[in-house]
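The values are calculated or read from the model by the stated rules, or taken from the named source; none is laboratory data. Only a predicted model underlies this, so the values are computations on that prediction, with no experimental measurement involved. Every residue, glycine among them, receives a Cβ derived from its backbone with ideal geometry; neighbour counts consider all protein chains shown.
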Amino acid sequence: MEDFVFPGPLVFLERLFLFLDEDMTKKRPLILLSNDDGITAEGLAALEKHVQALGDLYVVAPDGERNASSHKISLKQPIYVHQESEKRFSVSGTPADCVNIGVHRLLPARPDLVVSGINHGANLAGDISYSGTVGAAREARLLGIPSIAFSLMSRDPLFYDAAARVGCDLARWVLANGLPPEIFLNVNFPDLVDGYPPRIRWTRMGHKFYGDFLEEGTDDEGRPCFRFGRDALQYDENDHEDADWRAVEAGCVSVTPLRLNFTDEGSLHSLKAIYDGDAHARQSGAHTTPEKDA
């Protein structure tokens, strides 16, 4: 057997630090950040500033505003990616496109967490269905990755930093504890004047009434057209105290667990029973077909 030669102290320390550095890199979480307000949005910058302390952060965001794009993906359009700087990319597609391309093409490995936001304006009650911010988080969860969507009730950029600090704490908590299968979080911040510490409420999706907020006008060429204006905030006053919008109006941070599976189990069984009963009645001749109008 050959004799073992112990390396010199400088070589030993160099190898030790290299080993520790590699080991720490392996354990450092990989995080993907996106949004629907675009790569230059203030909410994105605030979240990026704080969340980068939690791990190896990559930013993949739309090259411009993609508000109300929901979970749309660009099936028939080419998607272009531009590298803004190291670990920062802008994408010509939707927020969901950004997450998909980030996970499958731009990041060095599968991320441990996807965060989306901070959106310029709240995503509460039924607005969740329209939100591109929520759509990005939903896309990540479809891919099996824990995710959080962040939105700020205020449209004043002064509150972004305070919201981002709270968002960073929630992201740290999810990294440490994980989320149940097929569950992702929709988080809405109030006007965080003093910022910290926040009051957090775990909430359910509230209800909102939607009316006609179409505006008639003309385009640049004088052709008649419709545009959507800003709808009035008409939340359902009959909602329980744990509704998301009630928490934000009370100055609390609303954290709502959302699920991918839209199936309503109660209705599944009750409607099936009614349908099966009607089918049996039809087969037995108890129900007759209405006569057509002459």
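Could you count how many residues in the stretch 244-277 are in contact with an Asp or Glu (Cβ under 8 Å, 6 or more places away or on another chain) and either of a type outside the set (Val, Ile, Thr) or more than 16 Å from ILE128 (Cβ to Cβ) (or both)?
The total comes to 7.
Residues that are under 30 Å from PRO197 (Cβ atoms): list the strands (runs of 3 or more DSSP E) wholly contained in the stretch 209-274 that include at least 3 such residues.
Counting at least 3 such residues, we get 253-259.
Those residues that are farther than 18 Å from SER129 by Cβ, at pLDDT 85 or above and either polar (S, T, N, Q) or over 21 Å from the mean Cα position of the chain (by Cα) (or both), I need them from the stretch 173-198; list them, please. Reasoning before the result, please.
First, the residues of the stretch 173-198 that are farther than 18 Å from SER129 by Cβ: 173-181, 189-198.
Those still in the list that are at pLDDT 85 or above too: 173-181, 189-191.
Hit for the stretch 173-198 is ASN177, nothing else.
In the stretch 75-103, which residues are loosely packed, with under 15 Cβ neighbours inside 10 Å, under 22 Å from ARG141 (Cα atoms) and hydroxyl-bearing (Ser, Thr, Tyr)?
Across the stretch 75-103, there are no qualifying residues.
Condition (residue is assigned to a strand (DSSP E or B) and farther than 30 Å from ASN100 by Cα) applied to the stretch 158-181: is it met by at least one residue?
No, every residue in the stretch 158-181 fails to be assigned to a strand (DSSP E or B) and farther than 30 Å from ASN100 by Cα.
Quick test for you: out of ASP264, ASP244, pick the one residue that is under 29 Å from ILE145 (Cα atoms), modelled with pLDDT of 90 or more, surrounded by 10 or more Cβ atoms within 10 Å (Cβ to Cβ) and in contact with a Leu (Cβ under 6 Å, 6 or more places away or on another chain).
Details: ASP264 fails: in contact with a Leu (Cβ under 6 Å, 6 or more places away or on another chain).
Answer to the selection: ASP244.
Condition first: surrounded by fewer than 21 Cβ atoms within 10 Å (Cβ to Cβ) and over 14 Å from ASN67 (Cα atoms). Now tell me which residues in the stretch 108-144 satisfy that.
Once the filter is applied, which keeps residues that are surrounded by fewer than 21 Cβ atoms within 10 Å (Cβ to Cβ) and over 14 Å from ASN67 (Cα atoms), the stretch 108-144 yields PRO108, ALA109, ARG110, ASP112, GLY126, LEU142, LEU143, GLY144.
All but one of (1) modelled with pLDDT of 95 or more; (2) in a loop (DSSP other than H, G, I, E, B); (3) out of contact with any helix residue (DSSP H, G or I) (no Cβ under 8 Å at 6 or more places or on another chain) hold for ILE145; state the number of the condition that does not hold.
Here ILE145 clears every test but (3).
Output the qualifying pairs, or none if there are none: Cβ atoms under 9 angstrom, residues six or more apart or on different chains, first residue in the stretch 214-241 and more than 30 Å from VAL253 (Cβ to Cβ), second residue in a strand (DSSP E or B) and of a type in the set (S, T, N, Q).
From the stretch 214-241, the pairs are PRO224/THR218; CYS225/THR218.
Can you name every residue in the stretch 63-88 that is closer than 22 Å to GLY167 by Cβ and either touching a Lys or Arg at 6+ places or on another chain (Cβ under 7 Å) or in contact (Cβ under 8 Å) with a residue 40 or more places away in the chain (or both)?
Hits for the stretch 63-88 are ARG66, ASN67, ALA68, SER69, SER70, HIS71, GLU84, ARG88.
Restricting to the stretch 26-42, what's the tally of residues that are under 17 Å from THR94 (Cα atoms) and either without any contact (Cβ under 8 Å) to a residue 12 or more places away in the chain or not charged (D, E, K, R) (or both)?
Residues that pass the stated criteria total 8.
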